[in-house]
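Everything below concerns the one structure shown next.
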């Protein structure tokens, strides 16, 4: 077992340790770059809105960005919530880092609106709604996504309030609305109990909502626009690979935090890499499992309509992004992560994570560009294989800008909300003790009910 | 886990030995009844060998039925052992300790039972050598590697071999203890050979631990592959209702659902039958039930995906199959029973701590889950064959015969008998593992609370 | 019952109209040389069952007693599927003879664990009885349900055993059997042609069903030989021709010619319904 | 360690018997099924020893000493599936004058007189699911000895080659003949 960073075990309890918002040591150039990218994202978004409203093919690459955000920023907070449910102490300093991605994930809603507006009517094409027409898919998907995003924001805020509120006297001195915003947090036993229950139940709800939103969006923006693509596993593939990318982006962020934020650097270390690395290996294997379960069945059964759809996403039309995906999300990460050395070092695993984050972008390209750019989404099978639809300069700028915007929003959020969740880390320091047993040092981990 | 197993050695000795030494009347009654079932099944099998498969309820379009359903079911149950042992070992869940051996033994016997079924189900079992073993150098006629039925034996036998290895590695210290305790030279010799010279040196312990961890990690891909391949027996074909890409994970998670439930059932039975009240506590059942809630919910999600994406393409034959499954008379009853038993009753009940910690209700709900999961496999396999394509002229139906009921009942008998026999010969509670847990157990004071804790190296 | 059967018939023909312009990986092994196949003209089929009887006699198929039919274990390598069209007073029977389609892309072949069924160079889907172990996976995979299982050893009462065809093996219990396109006749023609040092002539081989068809609804030939009558027929009647359950992509060797009923009342809604499913 | 060992069973004779009793039915039943399977597997087979013939026909005299070509008697061999065994009439073609005093020939004469066929015992038989046609083999120039052995030196003919599937296949492979299952299996 890789030992936690020493600082994490010896947090001062009295006075209680309170973390800072990101005390960033980025130089001016870094900040300027992020701001420029963010600005580019906003500009490109507006340009798209003006020039391409209702033109589905034009929104193909924005859809890729939407699914990229849904697979990275929206899934990263899951690490915080799942580790909280499973009492994973190794994740303590990571939880806020991961949960902060709830903020940039709000951008996905901004993208969803124009994309949904460009969708063709449901009649005559396969869809999940089976004639249920109360606003589907536009209202339903927007509703589901907004509930998920709001849950994420609520969780982020709830779990940050004990750190933000400061001493009880400070909250008591606040105005009425501000106090409400801070949940009137004075740290009573009852408040702690409610906070804990809210964190657990909302976390579970977020997990289920995440899977559900992936099912809806991956179907409505993907499968249902490409005739012959009938794959029950695809929503799960989409969600699971999203989790893989979410883990990757969290590890990447953690490594950058350690590099650029002196305070976070005291707590983030190889323990997180080792524990999350194992899960990343599992998720990387999952990529193959879910890909293979999909591919094998279609290729084996040889139903012409299904094979044609598979040829688009895997074998012929988008073979280039597919190969890049397979290498970046599976082959290279697996080959590197089997080495303990890589898995147990935060800086090395961050490199592998970067590969995965790039890989997921190509993965989303191969799955969502063809359906969005498909001129005839109606019927049961395709007449001919569509030609590949590569991005033009505008699309590339859009992708760079919007993904840059995502990171800019993250950094902005991190500068407002502490990047470490002090209360949980304090709690953890009480439940983790170093002791000597026989001749060795061991870590004793308490598991309260 | 809130309370580790703590029992002073004398009490635990007495209580664990009670069953091994005592021969209660129920053992003979149960054993006799089980053997009676087995004899009936042997009669059926021999009749089938001699006179063909006419005794089964199969007819023209429906060539697979109860026996394949039962095969899938037992392969499913076999997923419990490794789920509990390997995954919980890798995630260092302390509460796994008393549960592991029973779960692994359940795995072995359910696998052994499962593999009987494709064998007796084939038309000419005496020729199945062609199927599983590539021996035909002379004629250049080989098994067909493209067939999922060839992937099946490879996966299952790999799984069986590795599970036996897994159990054996964990058994070594216990076998060494048995050797040291053996009352007569014969059994001492037998246990001695089995223990492979395990003396409890530091090096041996280290190797045993590393071997266990490595096997846990290596066995997981096999674990996933086995039921995936079983699902591909169905899903690679273009049969509407079978051909769905979700099948592999859907089957795997369903297997874990029914397997872990079976483990809970077995643990509760063992607790009373073998007098292990001190070792199998409410905490264990509680933890397993919490695991089950997650597993069951994921499984339900996959089931719904199977359903949605079955109807998704609105292919006529596919819709007919789902209509057959969920609406038409004999099946609608089965469909409702299955979903009620496998999810609607148990999971909401497990939400309550009081239920999770109640042996009676956990026993009932986990039995219900397995009833439901058996019916689920039935519902997956058979209606799809009854409604196979647009050619409605060949639509048929299936009604199981008495022989099939006997064979299915006998499969349960075989697993239970195997489990009972094992528990008479070898310790069903992992003594060394439990002891390790007791050493690693610790407590931490937090303010006024005294929190149970565990050591990690 | 009649409406659902009718619907099924409508679907079967509607589905067949789906064009298959997508290239697949169908590397058809018989694209050169002989491909035995059949053209079934549904316009000519009267549902008389002569083919069924002829097949029964030629291929030593076990007797289909009443009990066998009732328990759906009767074996008919070729069967006449009967569907009803229209409602009672104007009901019309429609017949589709269904036999093994000898698919170029056969779903049964890939799944057999022992290679008891395979595709040969002449486009036949061959079943090797002695190799078969009876897993019945092929029968499940076959969308046409033309593979039959032997639940017992067949028996022929005296003197019916004397009419068994010596060129066809009697299938034992526990194996799958199916239409072979009367491979024994093809083999015999090969030997005859071989001893005479020539190729098989068009029309030289006839399976029992085609031979016995009084209306010549079934015609058999090498579909790759453009001079054979069936190949020309399929070409000439291209607007009527389809293959069964085309959306499975099985590339069958049996080509059907649609029935054209001049007196049919075409119900617009019915067609729309079938089209929506296609 | 010692105290934990107490958890483990001491096996007594009585316990062993009971456990044995509990496991016996599955074991015995399993063994029974296995025996039946083995029997059924062994029940096939093609090789036969030289059968007893109704008349002690000596191939070494006819094909060997007299050097009569095989096709002279087995007339179907070049044109059809069966090589055919000659009719009594064909035997009598010679034996109405040759060696008429031999007791074996008198047996033949008796068949001729009573107009009954000789029930020759069949020596080479392929299984029912195999279709073997002599003609193409003869046409391809395969010598009779290749499969039937040196009949010219055999007093009584017996099968010398296994003629099982692998045997046929070996030859077919060497001669680039068809290996399609349907060529031989019917």
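Only one of the listed residues (A:120, A:77) is in contact (Cβ under 8 Å) with a residue 60 or more places away in the chain, part of a helix (DSSP H, G or I) and surrounded by 15 or more Cβ atoms within 10 Å (Cβ to Cβ). That residue is A:77. Here the range B:3-58 is the region considered, the condition is being at pLDDT 85 or above and touching a strand residue (DSSP E or B) at 6+ places or on another chain (Cβ under 9 Å), and the residue that is farthest from the other protein chains (Cβ to nearest Cβ) is B:58.
Per-residue answers, yes or no, for (1) farther than 19 Å from residue A:226 by Cβ; (2) free of Cβ contacts under 8 Å to residues at least 40 places away in the same chain; (3) within 14 Å of chain C (Cβ to nearest Cβ):
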{"site": "A:347", "(1), (2), (3)": "yes, no, no"}
{"site": "A:360", "(1), (2), (3)": "yes, no, no"}
{"site": "A:367", "(1), (2), (3)": "no, no, no"}
{"site": "A:377", "(1), (2), (3)": "no, no, no"}
{"site": "A:386", "(1), (2), (3)": "no, no, yes"}
{"site": "A:392", "(1), (2), (3)": "yes, yes, no"}
{"site": "A:398", "(1), (2), (3)": "yes, no, no"}
{"site": "A:405", "(1), (2), (3)": "yes, no, no"}
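Identify all residues within the range C:217-239 that are in a loop (DSSP other than H, G, I, E, B), out of contact with any helix residue (DSSP H, G or I) (no Cβ under 8 Å at 6 or more places or on another chain) and surrounded by fewer than 16 Cβ atoms within 10 Å (Cβ to Cβ); write none if there are none. Matches in the range C:217-239: C:227, C:238, C:239.
Listed by position, the helices (runs of 4 or more DSSP H) enclosed by the range C:1-74 that each have at least 2 residues that are within 20 Å of residue C:97 (Cβ to Cβ), in the same structural domain as residue C:173 (by TED's automatic domain parsing) and modelled with pLDDT of 50 or more are C:50-58.
Which one is nearest to the other protein chains (Cβ to nearest Cβ), of the residues in the range B:199-218 that are part of a loop (DSSP other than H, G, I, E, B) and loosely packed, with under 14 Cβ neighbours inside 10 Å?
Within the range B:199-218, the subset part of a loop (DSSP other than H, G, I, E, B) is B:199-201.
After this cut, where a residue has to be loosely packed, with under 14 Cβ neighbours inside 10 Å as well, the list is B:199, B:201.
On the way: B:199: 10, B:201: 12 Å.
Looking at the filtered set, the residue picked out is B:199.
Within the range B:379-394, being out of contact with any strand residue (DSSP E or B) (no Cβ under 9 Å at 6 or more places or on another chain) and either surrounded by fewer than 19 Cβ atoms within 10 Å (Cβ to Cβ) or within 8 Å of chain C (Cβ to nearest Cβ) (or both) holds for B:385, B:388, B:389, B:390. Consider the range C:70-95 and keep the residues that are loosely packed, with under 13 Cβ neighbours inside 10 Å and under 23 Å from the mean Cα position of the chain (by Cα). The one that is nearest to residue C:150 (Cα to Cα) is C:70. The single condition among (1) within 14 Å of chain B (Cβ to nearest Cβ); (2) without any contact (Cβ under 8 Å) to a residue 60 or more places away in the chain; (3) more than 26 Å from residue B:139 (Cα to Cα) that residue C:114 does not meet is (3).
A single entry from C:141, C:134 fulfils the requirement of being in contact with a strand residue (DSSP E or B) (Cβ under 7 Å, 6 or more places away or on another chain), within 7 Å of chain B (Cβ to nearest Cβ) and either more than 30 Å from residue C:224 (Cβ to Cβ) or crowded, with 20+ Cβ neighbours inside 10 Å (or both): C:134.
Could you tell me which numbered condition residue D:121 fails, if it satisfies all but one of (1) closer than 30 Å to residue D:56 by Cβ; (2) assigned to a loop (DSSP other than H, G, I, E, B); (3) free of Cβ contacts under 8 Å to residues at least 12 places away in the same chain? So residue D:121 meets the others, but not (3). Considering the range C:150-169, and only residues there that are in contact with a helix residue (DSSP H, G or I) (Cβ under 9 Å, 6 or more places away or on another chain), more than 14 Å from chain B (Cβ to nearest Cβ) and not in a helix (DSSP H, G or I), the residue that is surrounded by the most Cβ atoms within 10 Å (Cβ to Cβ) turns out to be C:168. You will find that of B:149, B:177, the residue that is crowded, with 20+ Cβ neighbours inside 10 Å, within 27 Å of the chain's Cα centre (by Cα) and at negative phi is B:149 and no other. Residues in the range C:53-95 that are free of Cβ contacts under 8 Å to residues at least 40 places away in the same chain and out of contact with any helix residue (DSSP H, G or I) (no Cβ under 8 Å at 6 or more places or on another chain): C:56, C:65, C:66, C:67, C:68, C:69, C:70, C:71, C:72, C:89.
Put simply, of A:312, A:307, A:281 the only residue that is part of a helix (DSSP H, G or I) and away from chain C (no Cβ under 13 Å) is A:281.
If you go through the range C:217-236 and keep only what is over 24 Å from residue C:79 (Cα atoms) and touching a residue at least 60 places away in the same chain (Cβ under 8 Å), you end up with C:224, C:225.
Residue B:400 fulfils the conditions (1) facing another protein chain (nearest Cβ under 10 Å); (2) not in a helix (DSSP H, G or I) except for a single criterion, (1). Here the range B:407-457 is the region considered, the condition is being in contact (Cβ under 8 Å) with a residue 24 or more places away in the chain and assigned to a strand (DSSP E or B), and the residue that is farthest from the other protein chains (Cβ to nearest Cβ) is B:441.
In a loop (DSSP other than H, G, I, E, B), within 13 Å of chain A (Cβ to nearest Cβ), over 21 Å from the mean Cα position of the chain (by Cα) and closer than 29 Å to residue A:289 by Cα - does that describe any residue in the range B:220-235?
Filtering the range B:220-235 down to residues in a loop (DSSP other than H, G, I, E, B) leaves none.
Within the range B:220-235, none of the residues are in a loop (DSSP other than H, G, I, E, B), within 13 Å of chain A (Cβ to nearest Cβ), over 21 Å from the mean Cα position of the chain (by Cα) and closer than 29 Å to residue A:289 by Cα.
Just one residue in the set C:188, C:198 is away from chain B (no Cβ under 14 Å) and under 24 Å from residue C:119 (Cα atoms); that residue is C:188. Within the range D:146-159, restricting attention to residues that are surrounded by fewer than 17 Cβ atoms within 10 Å (Cβ to Cβ) and touching a helix residue (DSSP H, G or I) at 6+ places or on another chain (Cβ under 7 Å), the residue that is nearest to residue D:71 (Cα to Cα) is D:153.
Would it be correct to say that residue B:160 is assigned to a helix (DSSP H, G or I), away from every other protein chain (no Cβ under 12 Å), surrounded by fewer than 22 Cβ atoms within 10 Å (Cβ to Cβ) and in contact (Cβ under 8 Å) with a residue 40 or more places away in the chain? First the steps, then the outcome.
Values: assigned to a helix (DSSP H, G or I): yes; away from every other protein chain (no Cβ under 12 Å): yes; surrounded by fewer than 22 Cβ atoms within 10 Å (Cβ to Cβ): yes; in contact (Cβ under 8 Å) with a residue 40 or more places away in the chain: yes.
Yes; evaluated as a whole, the condition is true for this residue.
Checked against the criterion of being within 14 Å of chain B (Cβ to nearest Cβ), assigned to a strand (DSSP E or B) and touching a strand residue (DSSP E or B) at 6+ places or on another chain (Cβ under 7 Å), the range A:418-433 contains one or more residues that satisfy it.
Screening residue B:420 with (1) farther than 30 Å from residue B:191 by Cβ; (2) at pLDDT 80 or above gives one miss only, at (1). One residue is enough: does the range A:347-366 have a residue meeting the conditions over 15 Å from residue A:248 (Cβ atoms), assigned to a helix (DSSP H, G or I) and in contact with a helix residue (DSSP H, G or I) (Cβ under 9 Å, 6 or more places away or on another chain)? Yes; the residues of the range A:347-366 include at least one that is over 15 Å from residue A:248 (Cβ atoms), assigned to a helix (DSSP H, G or I) and in contact with a helix residue (DSSP H, G or I) (Cβ under 9 Å, 6 or more places away or on another chain).
The values are calculated or read from the model by the stated rules, or taken from the named source; none is laboratory data. In this text, all values refer to a predicted model and were calculated from it rather than measured experimentally. A quick note on method: Cβ atoms are made from the backbone with ideal geometry, for glycine too, and the neighbour counts reach across all protein chains shown.
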